[in-house]
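Okay, structure first, notes after.
The values are calculated or read from the model by the stated rules, or taken from the named source; none is laboratory data. On a predicted model such as this, the values are computed, not experimentally measured, just so you know. Neighbour counts run over all protein chains shown; Cβ positions are idealised from the backbone, glycine included. Note: areas computed on protein heavy atoms with side chains; ligands, DNA, RNA excluded. Shrake-Rupley method; radii C 1.70, N 1.55, O 1.52, S 1.80 Å.
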Amino acid sequence: MTLAIRSATPADLPLIAQFIRDLADYEKLAHEVRFDEAKLGANLFGPRPYAEVVIGELDGNPQGFALFFHNFSTFEGRPGIYLEDLFVRPEARGSGLGKALLAHLAKLCVERDCARLEWWVLDWNTPSIGFYQSLGAKLMDEWTVMRVDGDALTKLASS
């Protein structure tokens, strides 16, 4: 079995969109998927890309992806990489592809002089939590995620 990680191209947009939908199904959040594929493509591959995507392949067949972007740590005074989504198709789990995707992002962090690699994981997803901890990741239990979106975002923006 040949494992490869490559940067996504605009031709991968339908594949990326499907990976996002598959991830949402796995996370029981399909009802929250609202993206417009053309707008997603513009945000990933347009003149000012807001995120990057890598595709994980087994024997030349796309089986997973990671979508990420830079954040910044004021305490470190350096950028980091925030992993928004990581997904490996069920039939490819256990192949090492998930670890390879994370290792690829870790290498990018080192190459780009980033202070850290961070992501969220749903608290019920114990298989993933265990997998991440086996790689050296630690839970950040003392932090609570906050979000403003939809009407609340519009209202805050106009205040």
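Miscellaneous remarks
- Residue match in segment 27-48 (condition: in a loop (DSSP other than H, G, I, E, B), touching a residue at least 40 places away in the same chain (Cβ under 8 Å) and either open to solvent by 80 Å² or more (accessible area, probe 1.4 Å) or closer than 26 Å to Arg116 by Cα (or both)): yes
- Taken together, the residues in segment 1-26 that are in a helix (DSSP H, G or I) and touching a residue at least 60 places away in the same chain (Cβ under 8 Å) amount to 5.
Listed here are the residues, each with its yes/no results for (1) charged (D, E, K, R); (2) closer than 25 Å to Ala4 by Cα; (3) out of contact with any strand residue (DSSP E or B) (no Cβ under 6 Å at 6 or more places or on another chain).
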{"site": "Gly80", "(1), (2), (3)": "no, yes, no"}
{"site": "Glu91", "(1), (2), (3)": "yes, yes, yes"}
{"site": "Ala115", "(1), (2), (3)": "no, no, no"}
{"site": "Trp124", "(1), (2), (3)": "no, no, yes"}
{"site": "Trp143", "(1), (2), (3)": "no, no, yes"}
{"site": "Arg147", "(1), (2), (3)": "yes, no, yes"}
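- Note on segment 83-159: enclosed helices (runs of 4 or more DSSP H) holding 2 or more residues that are surrounded by 14 or more Cβ atoms within 10 Å (Cβ to Cβ) are 97-111, 126-134.
- Residue tally, condition without any contact (Cβ under 8 Å) to a residue 12 or more places away in the chain and either in contact with a helix residue (DSSP H, G or I) (Cβ under 7 Å, 6 or more places away or on another chain) or farther than 25 Å from Asp25 by Cα (or both), over segment 78-94: 0
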